[in-house]
Each structure stands twice: as C-alpha cells, then as structure tokens.
Amino acid sequence: MSSSTLVEPLPSMKIREHHRQQEPDESKQSLALVSINGGGGTASSAPLVSSYNDRIRPLLDAVDRLRHLKITQEGIQLPTIVVVGDQSSGKSSVLESLAGISLPRGQGICTRVPLIMRLQNHQNPQPELFLEFNGKVVPTDEDHIAHAIVVATDEIAGQGKGISNHPLTLVVKKRGVPDLTMVDLPGITRVPVHGQPEDIYEQVSGIIMEYITPEESIILNVLSASVDFSTCESIRMSQRVDKTGQRTLAVVTKADRSPEGLLEKVTSDDVNIGLGYICVRNRIGDESYEEARAEEAALFHTHPQLSKISKSMVGVPVLAHKLVQVQAKIIVKCLPEIVRKINEKLSSNVEELNKLPRNMTNVAEAMTAFMHVLGAAKESLRKIMLRGEFNEYPNDKEMHCTARLTEMLNQYSQDLQSLGGAEEPKVAFLVKEMSVLEESKSIGLPNFLPRAAFMTLFQGKVNALSLAPVEFLDKMWSYIEKVVVAVLMQKAENYPQLLSSTRKAAQNLVATNKHKSVAWVTDMVEMEKVSDYTCHPDYSASWNKLMSHQKEFKEILGDPNRAPRLNMEGFGVVEVGHLRSLGVVVQEAFDIKMRLTAYWKIVLRRMVDFMALHLLFTIQNLINRDMEAEIINEIVGAQGNGLEKMLEESPGVAEKKERLKNSIRLLNESKEVVSNIMDQISALSMGK
Ligand code: GDP
Ligand code: MG
C-alpha cells in the first residue's frame, strides 16, 4: 500500500517548529480524541505531538490524579500503557526516546521496580524532572536522572538485584514531549544472573501479570528486531491476557542492527498484534536525542530494506503519535466504567459507615444505644420464634424457629408413641395383665375390677417414657439458647465491649428457664402417675369400641374348633390360644387392657399438648419479660459497668471507621476529578 501520503514522520526539529506555531490558536484544533483512527492524515497536517496535547492533557491529568489518589487500592483499575519486553529488548531505550532523557540501562536487570513515567509537554524551555516514591518528591534534572533512578530504586527494592512491585514515578515536564503516562516494568529473564533471587522469573512475571491483566491496560510489547517474535516471553505473556491482541501494540527496536527480513516480520504478524507494529531505532551510545531522531529518520528513508516498510509503521514520532491516540481512546472508553465503580464503591462504603455505631460521649447516649440493641434483638426474636417471620434470615434455616420447633415437637410426639408401646410385643397377650390381677386380689366381691391393678400397669407404662420429656427439653433449650445468643450477638456486634456479658446473660437466662421447665415436666409426669382422669369423651368411645370384640373373644376361647386368633382394631391379629380354659381372670384382664389402651391415647396426647403450650408460654415470657431484665442486670446492674465500657470506642470499630472515612474521602475526590473531565469531554464534543 502507498503509505507516503498517510504519514509523514516528523523529525524532532519539525516538532518544535509546529509546536511554536500551534500555540496561539487552540480553538482551531478539532476534538481528535475519540474520532481519530489509524495513524492517518492528521499527522501530516498537524504537529505530531502537540496536536492532541491540549485535548489529551486534561484527560491524562485526571487519570494521573486518580492514580495519585491511589484509587487502585479501592479495586478500581485505571487505563494504563504498560511497557513489557524481554530483558534488553530495549524498553528503557524506547521510553527514553519518547521522553528525550537518559534512563539507566545496560547489562543485567536495571529496571527493578515498576517505573511510572509521566511525560508532560510544557511551554517553558527549561525541562522539569522529578521522582515520586515512598511519599517523597525528589527533583532532579536530565544529567542526574539516571543516577537518581538508581538511588530511588535501591531505596524501594533494596540494594543488589532484588525487585519490588512498589512503583516509582518519574515526572518529565518538557517541551515537545507527548503527553503520555506509561509504566516500565522489569524485563523477563528465565535464568537468574549472579546475585538475583532464585525465583526472579516468578517475581517478574507476577508483577507483569498484575499490570497487564486488567482490561484497562494497553500492552506495549517491546521486541528486538533481532529475535523471532514468537519465542519472546513477553509475547507469550501478553497473549495469555489478550488473545486477540486488541490491546497490544508492538514496538520493534534495533531496526538498525537487524534490518533483514524486518518488513516480512511486521507485515506477516505471526503473533497477533492487534494495534500494529512500529519499528524504531533508539539512541545509541553518546548520541544526543536530536541526533538519534535524525539518524532514525535517515535510516528509514534511505536503508534499502527498511525504507520499504510503510512510513506509518516506523519512527519514534509515529510511535508517540500512536500512543497518544491509543491512550486517549482507552481513557475515554474507561471513564464511564470508572464512574460507575466509584459510585458503587462509594455507596457501599457510606452504607457500611452508617451501620457502625456513633461515638458516644455520655451514659445517656450509651443507654439509648444499648436499649436500641436490646429492642432490636427482642423484635427479631419475636419474629422468628413466635410469629414465624424469617425475612431477616432468609437463607439460614436454623433461624426459622417456628418450623424447627414444630419439627422437634413432632419428633417428641413420635418418640412418646414408640416408647409407650415398646413393651407390647414382648409378652403374650394379657399375660402381664393376668399376673398383676393375680397379685392385686383382695377379700371382697369378685365382680369389681381392682383399681390397684390398673394403676400398677399404667404407672409401668408412664415410667417407660418418663425420660423422654426431659430429653426433649434438653434439646429444645439448647436450640433456643443458640438462637437467642446468635440474635443478640448479631444485634450487638458493633459493641464488642458488650458481647461477653450479653452472652453470659443469655446463657443464664436459658439455664434458669430450663431448670424451671424440667421441674414442671417432672411434676407433670408424676401427676399422671398419681391419678387417672380424663373428661375426654374419646376415652369411653374407644373403650366401648374395643370392648365390642369381647364377645368374639369369648367365643373363640370357648370353641376348641376355632382358630385361636382374634383380629382387633389397633392390635392387629393376636394369638389367644394360651388363654383357653383359664376362667374369669382372662375376661378381667381383657377389660383392663382395653381401658388402659383407651386411656393411654389420651395421656400421650395430653403430654404433647401440654408440652406445646408450655413451650410457647416460656418462649414468650423469655422474650417479652425475662430477657430484658436479665441482660440489663448483667450489664448495668450492681457488678456491671457495661455502659461505661460502651463509651470507650472499641479499637476495631475506630479503625474500621477511619479506614472507611479515608476511602470515602478518596472516592469523593476521585469522583470530582472524573466528573470534571467528563463535563469537559461532553462540552468539547458539543462545541464542535
Ligand atoms: P531493557 O532491558 O529492555 O530496558 O533494554 P535497554 O533499553 O536497557 O536496552 C538494552 C540494550 O540495547 C542497550 O545497550 C541499548 O543501547 C540497546 N538498544 C536499545 N535499542 C536499540 C536500538 O534501537 N538500536 C541499537 N543499536 N541498540 C539499541
Ligand atoms: Mg530497562
């Protein structure tokens, strides 16, 4: 393709000329930020570096301020041009060419910390350079910059050859430089050289990945013309995070050393570089910046092979131009997302801060806060334990108390049923009843059923299950304790000073109530044993029903030809052969067993019903009446100094508050920075 009309690479001298002409009439510049694509026409008609500066500078300033505010600490990534490359590929030299200054370079690892380089064009012919690191600003100048960087690096990463991911910022304000902010990263080496840590490769690639992974990063991949690009470690790394290469730009250095085949290499694009290749020749030896640019221009114009490469793909000025465009695009693209993230972060921080307790200055305030905690806990407990509303704990099934308590009660009822009938199948039908009747006989009329026999049998049944109610209460109270403590701890979480006494009060409360419950249930079981009574009509009804089998029972016993089996509702088929020829006592035993069976149903039901009522009654009292008194007594009572303790803010909360406040301040500042710049962008695009 014919490239000469597209881009006229501008030697440095020309940059300056244009720059001077350009200054007075800024209004003529178009808003090139978003609309430019390709290295095209604008470059030939406008000065390379300054044409976008006045547009780009505010954008870049905004991003630099955000970077300075350390907004990345809030997890918000900033658009950044990241320079990567294998060791000695020429990264520092490229940056140097862009900035027109000397950076440390040479053998071994020189860039040992991320170097954030902020280039700013300024009008003053006198350049201004300074380093920012560890909270310091160290002014320097072009003659001393290389040394100053070495000193600063030593301070950050220690002397020797170790590396660090703590960045060093170099600000270069100089006439004619492109407004660019880039990060130079340590070069990748496979084999540690003498003095380097063993895991140098892992360390360096860790830092590089940290910088190139965010979608907001543009990867400036520096490749030496002398190597096969596909074998470059830096290409492998950038391909891992940017497969299609859409945010990767390649700079090919040392074009002067390996001109052969370079054209093919950069046009065939074997390694997927989406943003294109730019070939450069950096400063060599003691050349001045101007000499280097002139040499470069001459090289690409006259070299038989290099001159065939499109002019839109060669030279530091083209690189500068391209980078400025790419940078502007990515910043504009990222801003809305940055705004969104700032707002999101801000509102979640504000919300979190508001939830933290205020600082209290007197006991009255502490009392109010304390009563608030208590009130909130009571209300939550009422909801989950009494009303069955669990919107506060939608996913925590343990806290859906009404359902859990009902399940426990159902289980209790089942346990009673099975315990109460446990001894039935073991002895043959009516044998036990007959032996008890035998022992209860007394001198008197024969046709009275001895009540003592009934009571003996009945008490035996009650005894068999007398442990179950206590076990149930055990289980129930430990569940209640868990819930009550959990709710209280949650409501009082902002007052760590109160947690242990509140927990203690809740445990005491549960212990007292459990004690009372156990006493009550023991009495209830005893009461059952002492007397037999029910007014429930079910008793007579089911006794009558059972007794209706007695006729058939007698017939089977009296007729040796009939099978000795009786089918009775509630009993199933019972063997009765052993009862033949035993006389009247069998009929008495039959009657007593049927009474017992009818009554037992009533007793079991009564035990479950009463337990349920007891449960609800005690929980209600615990929440509405006893809890408050117990906790107040523990915290404010004779031995408690809880309110005084509440006045001292806990160190954890104070620290958290401080952190949130700082973060909110930072985010608000960032928000302002970004909204200013967004306003400017929209004003510019509307004004044109
Ligand atoms: P870094 O390790 O990637 O930062 O590489 P440097 O910028 O330190 O460069 C490594 C060596 O390559 C230095 O000796 C440079 O002078 C040399 N170098 C870099 N770019 C070029 C170039 O375009 N042409 C020539 N001939 N040498 C270069
Ligand atoms: Mg370097």
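Any read-out appearing in this document is the output of simple, stated calculations on the displayed coordinates, not a laboratory observation. As the structure is a prediction and not an experimental result, all values here were calculated from the model. Don't worry about glycine lacking a Cβ; one is built from the backbone with ideal geometry, like all the others, and counts go over all protein chains shown.
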For region 304-411, which trypsin sites (Lys or Arg not before Pro) are both in a DSSP coil and crowded by at most 11 other Cβ atoms within 10 Å?
-> R358
Apply the Karplus parameterisation 6.51 cos²θ - 1.76 cosθ + 1.60, with θ equal to phi minus 60°, to every residue of region 143-149 and state each ³J(HN,Hα) to the nearest whole Hz, in sequence, with x for glycine and proline.
-> 6, 10, 4, 4, 5, 4, 5
In nm, what is the difference between 0.36 nm times the number of residues separating D141 and N624 and their Cα-Cα distance?
-> 166.3 nm
Estimated FRET transfer efficiency (Q459, K554; beta-carbon r; R0 25 Å; 0.05) | 0.30
Selected from V314, V350, Q120, residue furthest toward positive end of dipole (the chain; charges at beta carbon) = V350
In region 537-575, what GluC sites (Glu not before Pro) fall in a loop by DSSP, with at most 10 other Cβ atoms inside 10 Å?
-> E569
Phi to ³J(HN,Hα) by Karplus 6.51 cos²θ - 1.76 cosθ + 1.60 over region 510-520, Hz, x for Gly, Pro | 5, 4, 4, 5, 5, 4, 4, 4, 5, 4, 4
Dipole moment magnitude, nearest 20 debye, the chain about Cα centre, only Lys, Arg, Asp, Glu C-beta charged = 1080 debye
By count of other Cβ within 10 Å, fewest leading, how are V673, V63, V227 ordered?
-> V227, V673, V63
Amide H of V183: which non-local residues (sequence gap of 5 or more, or other chain) have their own amide H closer than 5 Å, using H built in the peptide plane?
-> I81, V82, V83, M117
For D86, the residues 5 or more places away or on another chain with a placed amide H closer than 5 Å to its own amide H are I188, S234
Burial ordering of M568, M209, fewest other beta-carbon atoms within 10 Å first = M209, M568
Once amide hydrogens are built 1.01 Å from N within the peptide plane, the residues lying 5 or more places from L223 or on another chain with amide H under 5 Å from its amide H are V251, V252, T253
Which pairs, out of K70/K341; K378/K645; K545/K601; K514/K601, put more than 20 Å between their alpha-carbon atoms?
-> K378/K645; K514/K601
Restrict the search to region 442-549; then list the chymotrypsin sites (Phe, Trp or Tyr not before Pro) that DSSP places in a loop and that have at most 14 other Cβ atoms within 10 Å of their Cβ.
-> F448, Y533
With r as the distance between the Cβ atoms of L499 and Q73 and R0 = 45 Å, compute the FRET efficiency 1/(1 + (r/R0)^6) and round to 0.05.
-> 0.90
Mind giving me the FRET efficiency for E295 and E202? R0 is 30 Å, r the Cβ-Cβ distance, nearest 0.05 is fine.
-> 0.15
Check the straight Cα-Cα distances from K345 and name the aspartates and glutamates below 15 Å, setting aside those fewer than 8 residues away within the same chain.
-> E74, E337, E669, E672
Please state, to two decimals, what the Cα-based radius of gyration of the chain comes to when divided by 2.2 N^0.38 Å (N = residues).
-> 1.70
